[in-house]
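Scroll down for the structure; my scribbles are underneath it.
The values are calculated or read from the model by the stated rules, or taken from the named source; none is laboratory data. Since we're looking at a predicted model, the values are computed, not measured. Backbone-built Cβ (ideal geometry, glycine too); neighbour counts: all protein chains shown.
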Amino acid sequence: MIRTAIETQEMDQLMSRLHRLFDIRITFFDMQEHEVDVLHIKPMSSFCTALRRRKTQNVLCAACDHEHLEKAKQLRDVHIYHCHSGLIEGMVPLYDRRGIYLGAIVFGQLRDPQRKPDSGWSAELKKRYRQLPEYTVERARDIGHLLKDLSEYIIARELVRYRNKPWAEKLEEFIEKHLHEKITTERLAEQIGKSASFVAHHFQTEFGQTPRQYILKRRMEEARVLIENGRSVQQTAERLGFYDAFHFSKAFKRFWESPPSAFKAG
């Protein structure tokens, strides 16, 4: 269940400024450890993108993120570490005034000048590694503490907050159960006894996206899971209610910037 609500516009302005100032990847993970994808941030590095295209590496990256998010939450403070590929990463957990965990500011994909590329990497991967921004652990820690200071502003302004509106939870549950069907704003409104206008105006405040954007995101995330677990393109398209495999593949590639074949098991 998604419990984090984000004031997208102001949060986006902050993240954009951080990108321009430091030119490093700084993003936000919600309470369920999902990267929030509605903010304008520096794209994932070509090095990490290449690694994550391999299923085994993608699993390792996800496990590494989870392990260190848990450590950051235990510390309730800035957490700087080397990821499983040797890159410097940092996490700043956010807690509201009631002590409820809201998510974490995550930054990194930084090359440590004290570390060399893995001897087992290909020449192309080593080249991409050397293109990463070079930072020391001390400098990364300074950025982490600056972001921690900024997090106090984020919390005070409630740019990120715990979402507890019953109607939003009801819509989230409905969407999860009906991903394979056509879901209109009117249909969402019927589920909570509100008008379509209410949903159109308030949905984005709670979910950080319009109904259409959110539903597409959830379909594409589910599609990726199905493909990675061995479902064919045709089966996945049918499961999620797409017109045909061609239209599904086109939408999938537009969303993930890679065709379904890039995520097939094996």
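From Y135, Y129, grab the single residue that is touching a Phe, Trp or Tyr at 6+ places or on another chain (Cβ under 7 Å) and either under 30 Å from G86 (Cβ atoms) or surrounded by fewer than 14 Cβ atoms within 10 Å (Cβ to Cβ) (or both). Steps first, please.
On the way: Y135 fails: touching a Phe, Trp or Tyr at 6+ places or on another chain (Cβ under 7 Å).
Of Y135, Y129, the one residue that is touching a Phe, Trp or Tyr at 6+ places or on another chain (Cβ under 7 Å) and either under 30 Å from G86 (Cβ atoms) or surrounded by fewer than 14 Cβ atoms within 10 Å (Cβ to Cβ) (or both) is Y129.
If I filter the range 151-203 down to residues being assigned to a loop (DSSP other than H, G, I, E, B) and modelled with pLDDT under 90, which single residue comes out as farthest from Y214 (Cα to Cα)?
Taking the range 151-203 and keeping what is assigned to a loop (DSSP other than H, G, I, E, B), we get 157-159, 163-165, 178-184, 193-195.
Subsequent filtering for residues that are modelled with pLDDT under 90 retains 157-159, 163-165.
Working: R157: 24, E158: 21, L159: 19, R163: 16, N164: 18, K165: 17 Å.
Looking at the filtered set, the residue picked out is R157.
Which of (1) under 23 Å from D37 (Cα atoms); (2) buried (at least 17 other Cβ atoms within 10 Å of the Cβ) does K170 not meet, given it meets every other one?
(2)
Just one of the numbered conditions (1) surrounded by fewer than 19 Cβ atoms within 10 Å (Cβ to Cβ); (2) closer than 20 Å to F174 by Cα is not true of A223; which one?
(1) is the only condition that A223 fails.
When the range 39-55 is examined, which residues are found to be in contact (Cβ under 8 Å) with a residue 40 or more places away in the chain and not in a loop (DSSP other than H, G, I, E, B)?
S46, F47, C48, A50, L51, K55
Residues checked against (1) surrounded by fewer than 17 Cβ atoms within 10 Å (Cβ to Cβ); (2) aliphatic (A, V, I, L, M):
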site	(1), (2)
D65	no, no
R76	yes, no
G86	yes, no
V92	no, yes
L102	no, yes
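Which numbered condition in (1) out of contact with any strand residue (DSSP E or B) (no Cβ under 7 Å at 6 or more places or on another chain); (2) modelled with pLDDT under 95 is the only one that G86 fails?
Of the numbered conditions (1) out of contact with any strand residue (DSSP E or B) (no Cβ under 7 Å at 6 or more places or on another chain); (2) modelled with pLDDT under 95, the odd one out for G86 is (2).
Being assigned by TED's automatic domain parsing to the domain that holds S16, closer than 23 Å to M15 by Cβ and at pLDDT 95 or above is the requirement here; does Y135 meet it?
Working: assigned by TED's automatic domain parsing to the domain that holds S16: yes; closer than 23 Å to M15 by Cβ: yes; at pLDDT 95 or above: yes.
It is true that Y135 is assigned by TED's automatic domain parsing to the domain that holds S16, closer than 23 Å to M15 by Cβ and at pLDDT 95 or above.
Please pick out the residue among Q114, Q109 that is in the same structural domain as C48 (by TED's automatic domain parsing) and on the phi > 0 side of the Ramachandran plot.
Numbers: Q114 fails: on the phi > 0 side of the Ramachandran plot.
So the residue among Q114, Q109 that is in the same structural domain as C48 (by TED's automatic domain parsing) and on the phi > 0 side of the Ramachandran plot is Q109.
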